[in-house]
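In what follows, a single structure is set out as structure tokens and then discussed.
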Amino acid sequence: MRLSNATLGQAQVGVQLPGYNRSQVTPGIVHLGIGAFHRAHQAVVVDDVLARDASWGIVGASLRRPDTKQALAPQDGLFTLLIKDGDRRAPRIIGSVLSVLDAPNEKEALLGRMADPATRIVSLTVTEKGYCYNAASGGLDTAHPDIVADLKSPRSPTSAAGIVIEALRRRMAAGVAPFTVLSCDNLPHNGHVAGKVFTEFAEAVDAKLGAWVRENVPFPGTMIDRIVPATTDADRAEVARLTGLEDAWPVVGEPFLQWVVEDKFVGARPPLEVGGAEFVSDVAPYERMKLRMLNGTHSSMAYLGYLSGYEFIAEVIANRDFRRFVGNELSEEIAPTLGMPKAQTDAYAAKLLERYSNTALKHRTYQIAMDGSQKLPQRLLGTIADRLKAGAPIERLSLAVAAWMIYARGVDLKGQAIAVQDPMAAEFAAIDPGRLVEGYLAIDRVFPRDLAGSAVFREVVGTKLGLLREVGALEAVRRTA
């Protein structure tokens, strides 16, 4: 039987079901970018919230492809979260997503829902590249093709910024209070970035609209954390066996979940603490630790692990040289840049190594390696810049950057092609392999000028690049660990 409202009661004993009557739930959140991560994280927290307040149901929207809608519409928005921890399995059916819209084909329905006064939060997981953010200028990338198109036709937008601002324009015109824009993406100061990019877009559309957004729309910062590997056919089969119901697109996650939210909302906010979220006045220390320690080492393992022939993160960390490399990268190169108590960063590092070792999570190095041009500045380059200012070594961090340079160009150390998934893949592929470091450092959309101009950084990365080419990734890790 296919999972749906009608078959929900047929789930096998032991499956956790929604703890509320779905027929009484009304939408209060519109989520842009309803991928696996959102469904395994924020939608789970909101699922707990609905048992207390049924007015916070989620309407999801896919901005590019209809596949999520095609999977979930026949299931009435229901899907299964399968928590994997070693040999242990815990299936839970999540009911917080009421419907999914395919934005390219249902744009008016999406904008209408966002403009509805019942919508009090618009949240986003659109990945770093979805913000059309220019890291070099610190604001909106006005040359981005999506932004260029949306500024020409702001009433029929396709970008996240364009959709959010058109919905806010409609609310302003109708005299309706704005919604809170809640970024849940892995980028530093995500609330600030969303606020700056979206406000600059609004100002480019209309000065009055820009001023209204700047004065009235809150953009809280958040920090989110849960490892969510891509769903496989094996996962679908396991979910069917455990629940007795067919689910076209379940999601898989680890037991750990963290959501830290800046308490800055317009009007009412959902009691997310019911589902384990934490409201704080300043998210920055949490997100800085997570971005640099978890995401930084994840990227290091992705590029070095892929070039070493490893498919999954658990395989990478099971190698003793990699484990020593990552442990030392955390304790000796990353943690000292955080300005936090050593006991706190040591405990977090130990937890990360434990989480990486979860063999039940088939988290692919290739998946983590995607969109590196958007991720490296936040995950590795900021840490390197701080280390250089302190006159401290950057050996492990630089080896990871050198591995990315090889990976992103699309040819591995054995001369085999890599199907690079990155918005700048074509630009990277055109770099002269004999001048790889110089070619990359000339790209200011990735490398800030101060860092690119550092002779120390240039020399260390060049040395590590040579080491990778000479002895291979695994031996380079062993020598650098």
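The values are calculated or read from the model by the stated rules, or taken from the named source; none is laboratory data. Treat the numbers as computed from the prediction; the structure is a model and nothing was measured. Methodologically, a virtual Cβ is constructed for each residue, glycine included, from the backbone with ideal geometry; neighbour enumeration extends over all protein chains shown.
Per the conditions (1) out of contact with any strand residue (DSSP E or B) (no Cβ under 7 Å at 6 or more places or on another chain); (2) outside any helix (DSSP H, G or I); (3) free of Cβ contacts under 8 Å to residues at least 60 places away in the same chain; (4) not hydroxyl-bearing (Ser, Thr, Tyr), the sole criterion not satisfied by Arg214 is (2). Residue-level check: of (1) farther than 30 Å from Leu388 by Cβ; (2) assigned by TED's automatic domain parsing to the domain that holds Val49, Glu315 misses just (2). If I filter segment 472-481 for residues that are crowded, with 16+ Cβ neighbours inside 10 Å, assigned by TED's automatic domain parsing to the domain that holds Gly382 and closer than 18 Å to Lys375 by Cα, do I get at least one hit? No: segment 472-481 contains no residue that is crowded, with 16+ Cβ neighbours inside 10 Å, assigned by TED's automatic domain parsing to the domain that holds Gly382 and closer than 18 Å to Lys375 by Cα. Filtering Gly439, Gly434 for residues that are out of contact with any Leu (no Cβ under 7 Å at 6 or more places or on another chain), in a helix (DSSP H, G or I), surrounded by 14 or more Cβ atoms within 10 Å (Cβ to Cβ) and free of Cβ contacts under 8 Å to residues at least 60 places away in the same chain leaves a single hit, Gly439. Mind listing just one residue for me: the one in segment 178-211 that is assigned to a loop (DSSP other than H, G, I, E, B) and not hydrophobic (A, V, I, L, M, F, W, C) and, of those, nearest to Met289 (Cα to Cα)? So, considering only residues that are assigned to a loop (DSSP other than H, G, I, E, B) and not hydrophobic (A, V, I, L, M, F, W, C), the one nearest to Met289 (Cα to Cα) is Pro188. The set of residues in segment 135-155 that are small (Gly, Ala, Ser), out of contact with any helix residue (DSSP H, G or I) (no Cβ under 7 Å at 6 or more places or on another chain) and under 25 Å from Val30 (Cα atoms) comprises Ala149, Ser153. Being farther than 28 Å from Arg387 by Cα, surrounded by 18 or more Cβ atoms within 10 Å (Cβ to Cβ) and either assigned by TED's automatic domain parsing to the domain that holds Ile368 or of a type in the set (S, T, N, Q) (or both) is a property that holds for Val420. The set of residues in segment 2-51 being of a type in the set (A, V, I, L, M, F, W, C), within 14 Å of Asp76 (Cα to Cα) and in contact with a helix residue (DSSP H, G or I) (Cβ under 6 Å, 6 or more places away or on another chain) consists of Leu3 alone. Annotation: Gly175 fulfils all but one of (1) in contact with a strand residue (DSSP E or B) (Cβ under 7 Å, 6 or more places away or on another chain); (2) farther than 20 Å from Pro377 by Cβ; the unmet one is (1).
In segment 218-238, of all residues being in contact with a Lys or Arg (Cβ under 7 Å, 6 or more places away or on another chain) and of a type in the set (A, V, I, L, M), the one that is nearest to Arg2 (Cα to Cα) corresponds to Ala230. Within segment 224-257, the residues that satisfy the criterion of being charged (D, E, K, R) and more than 21 Å from Tyr348 (Cα to Cα) are Asp233, Asp235, Arg236, Glu238, Arg241, Glu246, Asp247.
For segment 442-481, the set of residues classified as within 17 Å of Ala408 (Cβ to Cβ), among the hydrophobic types (A, V, I, L, M, F, W, C) and in a loop (DSSP other than H, G, I, E, B) consists of Ala442, Ile443, Val446, Phe447, listed by residue number. Anything in segment 362-372 that is among the hydrophobic types (A, V, I, L, M, F, W, C) and surrounded by 21 or more Cβ atoms within 10 Å (Cβ to Cβ)? List them, or say none. Selection gives Ile368, Ala369. Any residue in segment 35-56 that's among the acidic types (Asp, Glu) and buried (at least 22 other Cβ atoms within 10 Å of the Cβ): show its pairings with residues that are in a loop (DSSP other than H, G, I, E, B) and modelled with pLDDT of 95 or more at Cβ separation under 6 Å, as long as the two are six or more apart or on different chains. Listed pairs, sorted by first residue: Asp47/Ser96. Summed over segment 419-431, residues that are of a type outside the set (A, V, I, L, M) and assigned to a helix (DSSP H, G or I) total 2.
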